[in-house]
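**Student:** For reference, the structure I am asking about is given below.
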């Protein structure tokens with residue numbers, strides 16, 4: 001493949017990765033909205049749409065493999081393909097987390113959501129993801145580092161929320177002593193902790209995208 005054609009293939013790959021990023025960001029936003037409003041119809045739409053994300057992922061994974069195997073890119077070109085390949089994995093996993101959040105919407109007790117500041121945590125995780133994809137689109141090394149810097153804030157929010165949920169459990173928020181009530185409470189608490197964990201993981205994947213983008217730009221994945 002001539003050099004110009006290969007550069008176009010790289011540009012096309014990045015455009016497709018960004019398109020998948022938009023798709024995943026939309027799924028995540030819909031899942032967060034469904035979770036905060038307990039919109040079961042929206043939650044089911046997120047779950048049903050996961051196959052489209054999986055198909056896109058497999059198609060682009062194949063494209064990356066073909067570019068590496070057939071074109072044997074070197075130096076900067078290879079970093080673009082490798083970084084894009086790994087970012088696709090993070091995108092697919094964020095989409096899976098969106099499905100988890102949608103599933104929790106169908107299962108959780110709405111009153112228990114008040115124990116966790118889902119809006120603040122979800123907004124921060126979503127912003128980190130969006131900024132990481134912007135950094136990939138614009139080759140913005142500074143923005144990559146900003147995304148990583150915000151991870152401590154997200155981790156702190158998630159830790160405080162988890163501690164609050166557990167503390168309220170210990171302090172007797174069960175509202176009854178019968179076995180069924182206690183079992184139901186434990187299920188709700190476990191689900192809340194899973195929600196917090198998955199939102200934290202969205203942030204982790206955003207940091208991964210930022211690190212892989214920095215590697216693509218500077219040949220150095222260190223964010224600090």
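Quick note: the coordinates plus some simple rules give every number you see, no bench work behind them. These figures come from a predicted structure and were not determined experimentally. Neighbour counts run over all protein chains shown; Cβ positions are idealised from the backbone, glycine included.
**Student:** What is the ratio of the Cα radius of gyration of the range 4-116 to 2.2 N^0.38 Å, with N the residue count, to two decimals?
**Tutor:** Working: Rg = 17.5 Å, N = 113, 2.2 N^0.38 = 13.3 Å.
Scaled against compact globular proteins, the figure is 1.32.
**Student:** So if we plug the beta-carbon distance of residue 134 and residue 33 into 1/(1 + (r/R0)^6) with R0 = 22 Å, what FRET efficiency do we get, rounded to 0.05?
**Tutor:** Numbers: r = 21 Å, r/R0 = 0.95.
Approximately 0.55, to the nearest 0.05.
**Student:** Using only Cα atoms, tell me the angle between helix 151-170 and the longest principal axis of the chain; keep it within 0 to 90° and round to the nearest 10.
**Tutor:** 20
**Student:** Just order 121-131, 95-105 by mean Cβ neighbour count inside 10 Å, highest at the front, would you? Spell out each step's value before the answer.
**Tutor:** On the way: 121-131: 21.0, 95-105: 23.0.
Highest to lowest by the protection proxy: 95-105, 121-131.
**Student:** Something else: Would you mind calculating the relative contact order of the range 74-170 from Cα pairs under 8 angstrom and at least 6 residues apart, reporting the percent as a whole number? Write down the numbers at each step before the final one.
**Tutor:** Details: 25 pairs, mean separation 27.6, N = 97.
Reported as a whole number, the value is 28 percent.
**Student:** Please give the peptides 26-38, 59-71 ranked by average Cβ packing (other Cβ atoms within 10 Å per residue), highest first, as a rough proxy for protection.
**Tutor:** On the way: 26-38: 20.0, 59-71: 14.8.
The peptides rank, most packed first, as 26-38, 59-71.
**Student:** Can you show me the helix-derived [θ] at 222 nm for the chain, built from DSSP H runs with n ≥ 4 at -39,500 (n - 2.57) apiece and divided by the number of residues, rounded to the nearest 500.
**Tutor:** Numbers: 8 runs with 189 residues, N = 224.
Counting only the DSSP helices, I get -29500 deg cm²/dmol.
**Student:** At 7 Å along the Cα-to-beta-carbon direction for both residue 117 and residue 45, put a label point, then send me their distance in nm to one decimal.
**Tutor:** 2.9
**Student:** Which of 74, 53, 202 comes first, and how do the rest follow, when ranked by fewest Cβ neighbours within 10 Å? Before the final figure, lay out the partial values.
**Tutor:** On the way: 74 8, 53 20, 202 25.
Starting with the residue having the fewest Cβ neighbours, the order is 74, 53, 202.
**Student:** Follow-up question, since we're still on this one. Go through [x] 39, 19, 12; [y] 29, 26, 15; [z] 31, 17, 16 and flag the label whose value is the computed semi-axes √(5λ) of the Cα gyration tensor in Å for this structure.
**Tutor:** [x]
**Student:** What is the spin-label model distance, in nm, from residue 7 to residue 149 if the labels are put 7 Å beyond Cα along the C-beta direction?
**Tutor:** Calculated label separation equals 3.4 nm.
**Student:** So, R0 is 35 Å and r is the distance between the beta-carbons of residue 72 and residue 194; what FRET efficiency does that work out to, to 0.05? Before the final figure, lay out the partial values.
**Tutor:** Numbers: r = 43 Å, r/R0 = 1.24.
The calculated FRET efficiency here is 0.20.
**Student:** Note down the relative contact order for the chain as a percent, whole number, built from C-alpha pairs under 8 angstrom at least six residues apart.
**Tutor:** Working: 260 pairs, mean separation 60.0, N = 224.
Here the relative contact order equals 27 percent.
**Student:** Separate question: Using alpha carbons only, how many degrees (0 to 90, rounded to 10) separate the axis of helix 50-71 from the longest principal axis of the chain?
**Tutor:** Tilt relative to the chain: about 30 degrees.
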